[in-house]
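Written out below as structure tokens is the structure these notes cover.
The values are calculated or read from the model by the stated rules, or taken from the named source; none is laboratory data. Quantities reported herein were computed from a predicted structural model and do not represent experimental measurements. Here the Cβ positions follow ideal geometry from the backbone for every residue, glycine too, while neighbour counts run over all protein chains shown.
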């Protein structure tokens, strides 16, 4: 049995209009929601941008403050370095002045000691003119002599008719201020400066308050006498002395 076809009612103009109004109202509400969402998103983005700028500004401020503090510390360090350098230079200059003054004083002491030794041994030889088993007639105190070409200084010289004794005087005799070869070479210098004694036998001696670093033995091995003060007496060791 065939069923009857049911026909749907035809919408009326009023119903269509009402549907359109309803749709428009829905779209309007959607636009309102979208507009509100967009505005809220813009506000949120604006807020985030503001916060980011403020944070960046704060970081920049902190960096500037930190850089300013570093610059201040660097300047203070440079100032301290300059002041320290000036202080070191002042201390160095003061040290040099003190060292110079000390050297001057030590030089004065050394010269004074040397003069004292020369005076003592000169007076001792003047009182006892015996040396190298010979008796001398005359004792000459420290003398500088030149012939125009050669100049030399002899501390003490003893003379007689056949012999001469040349005595080098030091306060502290050591290898640094007494050279054996130089002492021997002075014999020829003496004969040039004292031609009247060029045929005399020349003896050498070193007189000192103290001898150091084995110098005495070295002098004795080379035929040079040593003279020193022991107590209040002058003692001469000339057993190995030889004429030059």
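Residues are listed down the side, and each one gets a yes or a no for (1) assigned by TED's automatic domain parsing to the domain that holds residue 229; (2) at pLDDT 75 or above; (3) under 42 Å from the mean Cα position of the chain (by Cα); (4) at negative phi:
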| position | (1), (2), (3), (4) |
| --- | --- |
| 35 | no, yes, no, yes |
| 55 | no, yes, no, yes |
| 61 | no, yes, no, yes |
| 68 | no, yes, yes, yes |
| 79 | no, yes, yes, yes |
| 90 | no, no, yes, yes |
| 103 | no, no, yes, yes |
| 111 | no, no, yes, yes |
| 133 | yes, yes, no, no |
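Being closer than 16 Å to residue 189 by Cβ and either surrounded by 12 or more Cβ atoms within 10 Å (Cβ to Cβ) or modelled with pLDDT of 95 or more (or both) narrows it down to one residue among 152, 124; which is it?
Unique residue meeting the criteria: 152.
So which residues in the range 147-159 are in a loop (DSSP other than H, G, I, E, B) and closer than 18 Å to residue 121 by Cβ? Even if it seems obvious, please write down each step before you answer.
Keep residues of the range 147-159 that are in a loop (DSSP other than H, G, I, E, B), which gives 147-150, 155.
Hit for the range 147-159 is 155, nothing else.
If you go through the range 187-208 and pick out every residue that is farther than 22 Å from residue 161 by Cβ and modelled with pLDDT under 95, you end up with 0.
Return the pair list, or none, for Cβ contacts closer than 8 Å from residues in the range 216-244 that are without any contact (Cβ under 8 Å) to a residue 12 or more places away in the chain to residues that are buried (at least 18 other Cβ atoms within 10 Å of the Cβ) and not in a strand (DSSP E or B), at least 6 apart or on different chains. Nothing qualifies.
Does at least one position in the range 126-138 carry a residue that is without any contact (Cβ under 8 Å) to a residue 24 or more places away in the chain and within 21 Å of residue 199 (Cβ to Cβ)? Yes.
Condition first: over 41 Å from the mean Cα position of the chain (by Cα) and under 26 Å from residue 210 (Cβ atoms). Now tell me which residues in the range 135-163 satisfy that. Give the steps one after another, and end with the answer.
Pass one, the range 135-163, residues over 41 Å from the mean Cα position of the chain (by Cα): 135-143, 145-150, 156-163.
Result: 136, 139, 140, 141, 142, 143, 156, 157, 158.
One residue alone among 144, 228 is assigned to a strand (DSSP E or B), touching a strand residue (DSSP E or B) at 6+ places or on another chain (Cβ under 8 Å) and over 17 Å from residue 123 (Cβ atoms), and that residue is 144.
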